[in-house]
Ligand SMILES: N[C@@H](CCC(=O)N[C@@H](CS)C(=O)NCC(=O)O)C(=O)O
């Protein structure tokens, strides 16, 4: 059985977890945080989460998008998360890349302050939030919500967007700001619809429970 390593607090972990659940591929979770320990680096060379252990082969994959593409190739009969046409699949990869590089990765710079009580640096917060808004402007140009982010198919771009939106919404709320995704036409209806999906509900509930458990343990 596949083993997904990481924590439900992480957007990247939740992206892969949602892909596994939507595709209905069996897996179990191995809860851990990122680590620079030598033993951890053997299967996640940058010390990051998530990783996927490929069952009996003792082989590991890292990088959330790579893992989702692995699932797409390894389970061709399961629900498809990439469109069939070359252009549409490339548009999907492009949008994933925008979410990862220009939104979530930028937001990660505030995780120490946001989740782990590091002292607040207002100048840094302002800078990061404005760079995230810039990234979301890029996303806004690429999406056409009809009713999913790239039209009629629920894709890996939606699977990437959902944990990213929750992370960014909570980061902006912590900073006393509105959800910046609201600037995207059709976002409200899209977000209401996504939150009705059973697997999305499960992932977001387990994220919330993990955050509450972390706060209670502090
Ligand atoms: N490009 C990676 C990013 C993964 C990532 O940054 N994970 C965070 C947790 S959300 C992490 O492990 N951070 C710890 C670190 O960077 O040392 C992916 O797509 O999986």
* Rounded to 5, percent antiparallel among DSSP beta bridges of the chain -> 55
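Tell me the mean residue ellipticity at 222 nm calculated for the chain from its helices only (DSSP H runs of n ≥ 4, each -39500 (n - 2.57), averaged over every residue, nearest 500).
For the chain, the value works out to -16500 deg cm²/dmol.
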* To do: Compute the Cα gyration tensor for segment 50-102, then decide on rounded, prolate or oblate, letting a ≥ b ≥ c be the square roots of its eigenvalues: rounded whenever a/c is under 1.5, prolate when a/b is larger than b/c in the other cases, and oblate in all that remain.
  => oblate
* **Euclidean distance between Cα centres, segment 26-97 to segment 164-185, Å** => 26
* Asked: What translational diffusion coefficient, in µm²/s and rounded to a whole number, does the Stokes-Einstein relation yield for the chain at 10 °C and a viscosity of 1.306 mPa s, taking the hydrodynamic radius as the Kirkwood radius over Cα pairs?
  -> 89
* Computed label-point distance, nm, for sites residue 38 and residue 25 using a 7 Å Cα→Cβ extension -> 3.2
* Asked: Stretched out fully, how many nm does the piece from residue 209 to residue 173 gain, at 0.36 nm a residue minus the Cα gap?
  -> 11.1 nm
* Using a Förster distance of 45 Å, how high is the FRET efficiency between residue 1 and residue 123, based on the Cβ-Cβ distance and rounded to 0.05? -> 0.45
* Mean Cβ count within 10 Å, highest first, over the residues of peptides 133-139, 18-24 -> 18-24, 133-139
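Read the figures in this text as sums done on the coordinates, not as results from a lab. All of these numbers come straight from a predicted model, not from anything done at the bench. For neighbour counting, all protein chains shown are included, and Cβ atoms are generated from backbone atoms with ideal geometry for every residue, glycine included.
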